[in-house]
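Reading through the C-alpha cells given below for one structure.
Please treat every number below as a calculation from the coordinates, not as lab data. Just so you know, these numbers come straight off a predicted model, no measurement behind them. Counting neighbours? That spans all protein chains shown, and the Cβs are built from the backbone with ideal geometry, glycine included.
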C-alpha cells in the first residue's frame, strides 16, 4: 500500500520554509532568499560570459580559416569549403589582407570594412543563436514559475497531497514542453529564420570598381590563374564568411535544442526546491555546475579544438550536473521526510489536468518576459544588419561584443525576483499585507543597489571587459575609449539600471498571482513600448543619416532606442506596482474578484476538498 504520512506531520516536511517565510524578519529573510537567487542567476550569466570568452579567445587560435592563420598548421583553412564552386582562388591570410587593405584604401572617411577572422565568424554566429536560446529559455520557464507559486501556496496551506500532484503534473508537462521547444527551434532553422540574422557585408561599389583596376591585385590573382574582376573574389570571400557563421550557428542550435529536456527538468526542480526554502542548495550547485561547464569549455575548445561545438556541449554537461544534484536532493530529503518532491510520486500520482491552466497562465508572464527579449534581440540584429543607415556586419559586431557583458549581469535582476517570489507569495497567502509591503521595499533596495554598482563597473571597465572577449587593438592592448564596441557597451549597460524599476512589479504581480497584471508588466518592454520607442529611434537614425551623420552615429540610435525603451517600460511598471501595492492590495478581499483570483480560489477550494477526501479515505483504510 502507498505510504502517506498523516497531515499533522506533513507540516514538518516544510519546517524550513515556514521558519524562513513566516518567522524570520523581512529585512533578514529578503537577503537570505535574494542573494542566493541573485548569485544563482549571476552564475548562469557568468557561465554564458565565460563561454564566449573561451569561444572568442581560443577558437581563432585553434581554428584556421585561411592558409597561414595558424603557425602550427599553416596549410589548413576551413573557409575555402564555403567558397562558390567557380572560385578556385585559395588566398592565404597575407594575400587576403593585401586585397582587403587595397579595398580599404579606396573607402571614404568614416567607412570601414568588416573582417574575416575566427573572432568575427565566432562572434556573429554566437550572436545569431541568442534569439533562439532566449526563446528556448522563455518556453522552458512556462511551467516552473507558475508551479513554484502554487507549490508555495500549497505549503502555506498544508496541502501536501495537492503539492505532490502539482510536482508530478508539472514534471510531465515540462517534458512535453521541452520537446516542443526543441522542435520549434529546429523549425526556425529549416524555415530560414536564422539566415536573416547573418548580415551581408555592405561593400562600397566605387571602391570595388577601383579594386578591379589595381595592378598589384591583378598580379596576385593572376598567380592563382584568375583573370576576372577582383571584386567578385572579395565579395565571395565575405559571402563564404557569412555561410560559415551560419553553419556554426546551426550546429550550435541543433545541439542546444537537443539538451532542452535536461534544462527544462532541472529548472523545474530548482524552482520547487526554492519554494521549500532551500535557496542556498540551489545556489551552491549552480556554482559547481558552472565551474564544471567552464572546465569542459576549456577542454573541448583549447585541447580538442572543437570550436563553437565545444561551447554548447559544455553547456549541456553543466545542466546535467545541476539535474543530478537535484535528483540527489530528492532522494536524500525523501529519506529524511523533509520534502514533497518525490520520484515515487511520479508513478503513483493523479495527473491533474486542471492544474495546467493556472500554472501555465502565471508562467505565461515569465515566458513573455524572456520571449520579448528574444524578439527584441532578433529585430535589433536584423535592423543593424539591413538598415541603410547602419554599418551592417560592423554594427552587428559592435553590438555582439557588448551583449555578453550586459547579459552577464542583467540576468541576475530576474534572479532577485525569483529568489524573493516565494517569500512574497507565502505571506500574501497568509494575508500579511504589511510584510508584503516590506518585501517589495527590500526587493527594490537590493535590486537598485546591485544595478547601480554594475553600471559603474560597466562604464568604468568597458575596455577591460571587451579585452577579455578578445576585442583588442592590433598590438593586443585594450581598446580606445571612443572605439565602437566600448561605446556600444557603455550605452547598453544602462539598461541594467533602467529596467530595475520593473523588477518590483514583476515580483509583486507574479507573487500575488495577479495573472492579468503579470502578463501586462512582462509584456511591457518587449511588446508594448518597444514598437513606439524603437520606431522613433529608427526614424531618428534615418534623419541623422540623411543629414550627413556617419553610419556609426546613425546606427547607434538603434542601441540607444533599446536602452530608452527599458527606462520607459520600467517607470510605467513601477508606477503600476506602487498603485497596486498601496491602493489595491490592502482591500484585496473586499473588492470584486478578478478572473485570476477566481482561478486561484477555485483551485484551492477544490484542493482542500480533495485533500480532505483523501485523508478520510486514508484513515478508513487504516481501520
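Hey, any idea what the orientation-averaged projected area of the convex hull of the stretch 384-476's Cα atoms comes to, in nm²?
For the stretch 384-476, averaging the hull's shadow over all directions gives 8.8 nm².
Could you rank the peptides 113-123, 580-590 by their average count of other C-beta atoms within 10 Å per residue, with the highest value first?
113-123, 580-590
What is the distance in Å between the Cα centroid of the stretch 488-545 and that of the stretch 328-364?
34
Hey, what's the Cα Rg ratio for the chain versus the globular rule of thumb, 2.2 N^0.38 Å?
After normalising by residue count via 2.2 N^0.38 Å, the value is 1.07.
Could you work out how far apart the two model spin labels at residue 19 and residue 239 are, taking each label as a point 7 Å from the Cα in the direction of the beta carbon, and quote it in nm?
Here the modelled spin labels are 6.9 nm apart.
In 10 Å bins starting at 0, how do the alpha-carbon pair distances of the stretch 62-147 split up by percent?
The distribution over the stretch 62-147 is 14, 30, 27, 15, 10, 5, 0, given as percents.
Pairs of alpha-carbon atoms within less than 8 angstrom and 6+ residues apart define the contacts here; what relative contact order does the stretch 245-368 have, in percent?
Answer for the stretch 245-368 is 26 percent.
Please report 69, 216 as a ranked list, fewest other C-beta atoms within 10 angstrom at the top and most at the bottom.
Lowest to highest Cβ neighbour count: 216, 69.
Once you put a point 7 Å from the Cα of residue 222 and another 7 Å from the Cα of residue 437, both along the Cβ direction, what distance in nm separates them?
8.7
Using a simple spin-label model with points 7 Å from Cα along the Cα→Cβ vector, what separation in nm is obtained for residue 31 and residue 430?
Computed distance between label sites residue 31 and residue 430 equals 2.0 nm.
Using only helices, what value at 222 nm comes out for the chain when you add -39,500 (n - 2.57) per DSSP H run of length 4 or more and divide by the total residues, to the nearest 500 deg cm²/dmol?
-24500 deg cm²/dmol
Taking just the alpha-carbon atoms of the stretch 305-381, what radius of gyration and Dmax come out, in angstrom?
That works out to 18.6, 51 Å for Rg and Dmax.
Ranked by Cβ crowding within 10 angstrom, fewest neighbours first, how are 205, 373 ordered?
In order of increasing Cβ crowding within 10 Å: 205, 373.
Using Cα pairs under 8 angstrom and six or more residues apart, how large is the relative contact order of the chain, in percent?
23
Quick one: 367, 542, 552, fewest Cβ neighbours within 10 Å first, how do they rank?
The order, fewest Cβ neighbours first, is 542, 552, 367.
Round to the nearest 0.05 the FRET efficiency obtained for residue 94 and residue 73 when R0 = 22 Å and r is the Cβ-Cβ distance.
Once the sixth-power term is evaluated, E becomes 0.85.
Could you tell me the center-to-center distance, by alpha carbons, between the stretch 126-166 and the stretch 261-324 in angstrom?
Centre-to-centre (Cα) distance: 18 Å.
According to the Kirkwood expression over distinct Cα-Cα pairs, how big is the hydrodynamic radius of the stretch 104-215, in Å?
It works out to 18.8 Å.
What's the percent breakdown of Cα-Cα distances in the stretch 491-611 across 5 Å bins, shortest bin first?
Percent of Cα pairs in each bin: 2, 11, 16, 16, 13, 11, 9, 7, 6, 4, 3, 2, 1, 0, 0.
Tell me, how many Å apart are the Cα centres for the stretch 50-109 and for the stretch 427-450?
Each part's Cα centre sits 54 Å from the other's.
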